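A short reminder: the numbers here are calculations on the coordinates, not readings from a lab. Since the structure is predicted, the reported quantities are computational estimates derived from the model, not experimental observations. Here the Cβ positions follow ideal geometry from the backbone for every residue, glycine too, while neighbour counts run over all protein chains shown.
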Amino acid sequence: MRSIIPGVIRRVRDAKGVVPTIRLTVQTTNGWKAIALSAGARQELFISTDLSKEEIERAMAKALEP
């Protein structure tokens, strides 16, 4: 990964729980757009990378392991 650029944090009702979840949504010219949900908040993330969707999902799962 080259960089992760965070977007604006917004309050939402459907983001419950303390454990953050990250979902890749759209492929962009530089990588991927993702949505992070946790504790009543939502944040867009822009991930600049050459990795595939599967590689990013594996890396995120490993990072979120306790």
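Laid out as a table, the results:
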read-out	value
In segment 43-66, residue nearest to residue 9 (Cα to Cα) [restricted to those that are aliphatic (A, V, I, L, M) and not in a loop (DSSP other than H, G, I, E, B)]	45
Flag for residue 25 being out of contact with any strand residue (DSSP E or B) (no Cβ under 7 Å at 6 or more places or on another chain) and β-branched (Val, Ile, Thr)	no
Hits in segment 12-42 - residues which are more than 18 Å from residue 57 (Cβ to Cβ), in a strand (DSSP E or B) and not small (Gly, Ala, Ser)	42
Close pairs (8 angstrom Cβ cut-off, 6 or more residues apart or separate chains): closer than 24 Å to residue 12 by Cα in segment 22-38, assigned to a loop (DSSP other than H, G, I, E, B) and small (Gly, Ala, Ser) anywhere	37/15; 38/15; 38/17
